[in-house]
Each structure stands twice: as structure tokens, then as C-alpha cells.
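Take a look at the structure set out below.
The values are calculated or read from the model by the stated rules, or taken from the named source; none is laboratory data. All figures in this text were calculated on a predicted structure; none of them were measured in a lab. Here the Cβ positions follow ideal geometry from the backbone for every residue, glycine too, while neighbour counts run over all protein chains shown.
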Amino acid sequence: VAGNVGARERFEYTVIGDPVNEAARLSEVAKTVPGNVAASGRAVAAADSAEAAQWSITENITLRGRLEQTELAIPCDALESETAPSESVPVQP
């Protein structure tokens, strides 16, 4: 649901509902995962195949304030960079 809410003195446009709550909780989780980007497995499954191929389901988590588990998806590039050996660059004296 989206729309204007509030009194004349404090009128604002807002969006409410379960998808919005899930997105907010995933934003919190994103701060702790490689690449700092997270999505739900349900959102990835709804994407077209080219987009879905860019994501990897990493685990099932219980988001704050929710009872059911959510599949956590993060971009494949973020996973690859997290597991790739880091290259050391020689420092010139």
C-alpha cells in the first residue's frame, strides 16, 4: 500500500506492507554480507533467468520481526570476490 498519510502539519508519502518490511530487514542484513547487497530468494525466483543467474542463495535466515525463514541471496560476484585469494601488490621503496 502506498499513499499520503498523516495530519496536515505532518503529511508524508509512505509505503507499507510485508514486502516493504522484508526489504527493510534485508537492508539491515546486507551490512553484514559480502558486497553489502542482499535479496530474498523469493525475489530472485521472480526475476528473469538472466538476472536470477547473477544471484546465489547462501542460507536460510529469520529476519527480525518475522516468524518464517527467508532464503538469503547475494550477488555471485560478491561471493567470488570474498573467496578469491587477494593479490599482493609490491610496494616501491
| note | Inside the stretch 37-48, the number of residues satisfying the requirement of being under 19 Å from L79 (Cα atoms) and not in a helix (DSSP H, G or I) is 4
| In the stretch 48-80, which residues are touching a strand residue (DSSP E or B) at 6+ places or on another chain (Cβ under 8 Å), surrounded by 14 or more Cβ atoms within 10 Å (Cβ to Cβ) and more than 16 Å from L26 (Cβ to Cβ)? | L79
| What do you reckon, is A39 modelled with pLDDT of 90 or more, more than 30 Å from G3 (Cα to Cα) and out of contact with any Lys or Arg (no Cβ under 8 Å at 6 or more places or on another chain)? | no
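Every residue, every condition in (1) surrounded by 10 or more Cβ atoms within 10 Å (Cβ to Cβ); (2) in contact with a Gly (Cβ under 7 Å, 6 or more places away or on another chain); (3) in a helix (DSSP H, G or I); (4) touching a residue at least 24 places away in the same chain (Cβ under 8 Å), yes or no:
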residue	(1), (2), (3), (4)
N4	no, no, no, no
E9	no, no, yes, no
T14	yes, no, no, no
P19	yes, no, yes, no
E22	yes, no, yes, yes
E28	yes, no, yes, yes
T32	no, no, no, no
G35	yes, no, yes, yes
